[in-house]
Amino acid sequence: MLRFILRRLLQMVLAFFGTTLIVYALMFAGQGDPIQALAGERPVTAAQRAYLTEKYHLDATGVGGFFYRYLNYLGGLLRGDLGQSLTGRQIGDILAAAWPVTVKLAVIAMAVTILVGVTAGVIAGIRRAGVFDHATLVLTLLVLGIPTIVLAPLAQYFLGVRWPIFPPTAGAQPSLWALLLPGIVLGSLSLATALRLTRTSVSENLRADYVRTARSKGLVRRRIVGVHVLRNSLIPVVTFLGVELGNLMSGAIITEGVFNIPGVGFNLFRGIRTEDGPLVVGIVSVLVVVYLLSNLVVDVLYAVLDPRIRYE
Amino acid sequence: MPTPVSPTPPDGHLLEVRDLHVEFRTGEGVARVINGVSYHLDAGETLAVLGESGSGKSVTAQAIMGILDTPPAHVRSGEIRYQGRDLLTLGEEERRRIRGAEIAMIFQDALSALNPVFPVGWQIGESLRQRAGLSRADARRRTVELMDLVRIPAAAKRLGDYPHQFSGGMRQRVMIAMALALDPKVLIADEPTTALDVTVQAQIMDLLADLRRDLGMALILITHDLGVVAGVADRIAVMYAGRIIEHADVRALYRAPAHPYTKGLLESIPRLDVRGQALSTIRGLPPNLMRIPPGCPFHPRCPYARQVCVDEVPHDLVLGDGRTSACHFAQEVHDDRAR
Ligand SMILES: Nc1ncnc2c1ncn2[C@@H]1O[C@H](COP(=O)(O)OP(=O)(O)OP(=O)(O)O)[C@@H](O)[C@H]1O
Ligand code: SF4
Ligand SMILES: [Mg+2]
């Protein structure tokens, strides 16, 4: 297990270099004028040009120059210095402000997913082919069929504007209450997937041979389902939730955009729109780390939950 | 309908299945899986239930245990009497109390029959904690005893191991220990050795025979391998298409089978005393249980078949020595020693 974790950490280092290199290259290489690319559509004065040339070592040209700049950037990253965005703010500060908001949103979405999705999935799995099962099948197909880009504005309009139950937008320092509706919208997709997955897993495990054994031991049904079946059924579900939490932590561009939530996705989107190269590369680099770490946690969790899995 | 092969004790048989009918109702139709099975078991006895795959051995056993999935299974009629009470008339809660404590069962594939995510000690101890109300410490102590009883080496050290960490034979021993936890009076072993190597098979059979004797249980041994049962069983019930077609004392059955199907089964096991004989097998396939042939269900495959076999269902004929055979020509087959 320890060897597995170490090997995975090594792979993560490689993956980290690879992805940051690609993002960095996409953002900065192959541009006619890197300074113009950096600055986006704003005019660049001679003084700015000189400053930026100096700052990003643009005097070195060609592939060698590109790698020089990339390594330089990476050096900063490893020291915890994400650099400055084109607006002059420290990217570290931007993320420090945005991340807690995104995490809150992710936690709400995850809570909704677990409380509603997993619970309903267990019930649907136990009462397979019943009314509840069919109803949830239709509902989840509906949710899975509507993209967030449609669902988010619809929810905002109906539940925030038409019948103002929730605040329609979140604002600069959003409260938990203001994040509730976006959290539900964001979680609806994971909820639907978690529900289907749980339902399938439970109904499959109910037919497993070990259930027959548990019955032949004369255990009460509550224990057979609640202990034997659930413990097995939740292995894929917990794994899925782990991956999903990692995704949610990386910010939700559409949901945060629609509800005006100043989270990571919101800032990333703004960076892309204003062609703020350093901001985009900075955020993506951190997201890569978050993503890789959460995947590692999921793999370890999987081995903990399923004794048959032994990573060597 | 008492089965004449062994006399009925004054207060009835320990376990008796009478004229059981079970069908499975699926999308494709109704499969008549059990069509009037009767057999019985007395205290301390070993009954072997023999038959090809699909003949209904497991379904009968699961009906006794009350662990058939209903639906698709449906018990149409019959009785399953345990200590005089018809289990089929009991409520689920009463049946549950009998499972494991009075009648226990072990299954063919111990790897899938054990829960993969719990340690074996936990699984054996579960019955003790949940059913017998033992404390954790007592359950643990008793679990080690049970594991010793089924001869799992270093039992105390293996309590925390998971099923996949055991060999096939050891896993089956775990299953047996689990089934013995509540001191059942009847143990049903459903092809307990089929998934194992030949040498391990013999060890498990010996273990079962010893346990049956030492613990004074009655054993129903389900198998499709005639070779396995010879040394262990007292009586044999041979099943075909959901019926018991021959029911006899082991030695009598080996000496002279009274049903063409049993005869075919015996001829398909290699014999040490006849050198270089060609192994015969029963031609054809068992019937589709959704369309069981009229008359004797075995007639399409039977070398003795005549017109009456197509027209009339043979009833159990009682032969001289108290055995039964569901064949119109039972006596003739019995006397036909040309094997
Ligand atoms: N859940 C089920 N649904 C439909 N048919 C079933 C089901 N369980 C058993 N059957 C059918 O019942 C018949 C008898 O099955 P059973 O398991 O009792 O056979 P068996 O004699 O134990 O055979 P084997 O040696 O393969 O274990 C088979 O034809 C099988 O297809
Ligand atoms: S009744 Fe006829 S077909 Fe059936 S086993 Fe006897 S001889 Fe064969
Ligand atoms: Mg079977």
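The values are calculated or read from the model by the stated rules, or taken from the named source; none is laboratory data. No experiment lies behind these values; they were computed from the predicted model shown. With ideal geometry, Cβ positions are generated from the backbone for all residues, glycine too; neighbour counts draw on all protein chains shown. We work out accessible area using only protein heavy atoms, side chains counted, and drop any ligands, DNA or RNA first. Shrake-Rupley method; radii C 1.70, N 1.55, O 1.52, S 1.80 Å.
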Give me the residues in the stretch B:94-117 whose solvent-accessible area, probe 1.4 Å, is reduced by at least 20 Å² once all protein chains are included instead of the chain isolated. B:96, B:99, B:107, B:112, B:113, B:115, B:116, B:117
Neighbour cut-off at most 14 other Cβ (10 Å), DSSP loop, chymotrypsin sites (Phe, Trp or Tyr not before Pro), the stretch A:205-312: A:311
How much accessible area per residue does chain A have, counting only protein heavy atoms and a probe of 1.4 Å, in square angstrom? 49 Å²
First compute the accessible area of chain B with a 1.4 Å probe, then give the percent of it belonging to carbon and sulfur atoms. 51 percent
Can you list the residues, at least 5 places off or on another chain, whose amide H is less than 5 Å from the amide H of residue B:46, using H built in the peptide plane? B:219, B:234, B:235
Longest span of chain A, sites excluded, free of trypsin sites (Lys or Arg not before Pro) in DSSP loop with at most 11 other C-beta atoms within 10 Å? A:80-206
Could you name the lysines in cross-link range of residue A:217, using Cα to Cα under 18 Å and dropping any fewer than eight places away on the same chain? B:185
Averaged over its residues, how many other protein chain Cβ atoms are within 10 Å of peptide A:223-232's Cβ atoms? 2
Expected output for the stretch B:134-171, residues with a loss of 50 Å² or more in accessible area relative to the chain alone at probe 1.4 Å, reads B:164
Over its alpha-carbon atoms, the stretch A:158-312 yields an Rg and a Dmax in Å of 20.8, 67
Computed on Cα atoms, Rg of the protein assembly as shown relative to 2.2 N^0.38 Å comes out at 1.36
Quick one, what does Rg over Rh come out to for the stretch B:55-159 if you take C-alpha atoms and the Kirkwood Rh? 1.03
In the stretch A:91-305 the accessible area split gives carbon plus sulfur, as whole percent at 1.4 Å, a share of 72 percent
Per residue, how much space in cubic angstrom lies within the convex hull of the C-alpha atoms of the stretch A:51-194? 184 Å³
For the stretch B:101-140, shape from the Cα gyration tensor axes a ≥ b ≥ c, cut at a/c of 1.5 then a/b versus b/c, turns out oblate
To the nearest 20 debye, what charge dipole does chain B have about its Cα centre, counting +1 at the Cβ of each Lys and Arg and -1 at the Cβ of each Asp and Glu? 620 debye
Mean residue ellipticity at 222 nm from the helices of chain B, using -39,500 (n - 2.57) per DSSP H segment of n ≥ 4 over the full residue count, to the nearest 500 deg cm²/dmol? -9000 deg cm²/dmol
Give me the summed buried accessible area for the A-B pair, 1.4 Å probe, to the nearest 100 Å². 2200 Å²
In short, the stretch A:274-312 residues buried by 30 Å² or more of accessible area relative to the isolated chain (1.4 Å probe) are A:307, A:308
How would chain A be classified by its alpha-carbon gyration tensor: rounded, prolate or oblate, with rounded meaning a/c under 1.5 and the a/b versus b/c comparison settling the rest? oblate
Mind ranking B:134-147, B:164-177 by how tightly packed they are, going by the mean number of other C-beta atoms within 10 angstrom, highest first? B:164-177, B:134-147
In angstroms, what radius of gyration and Dmax does chain B have, counting Cα atoms only? 20.6, 67
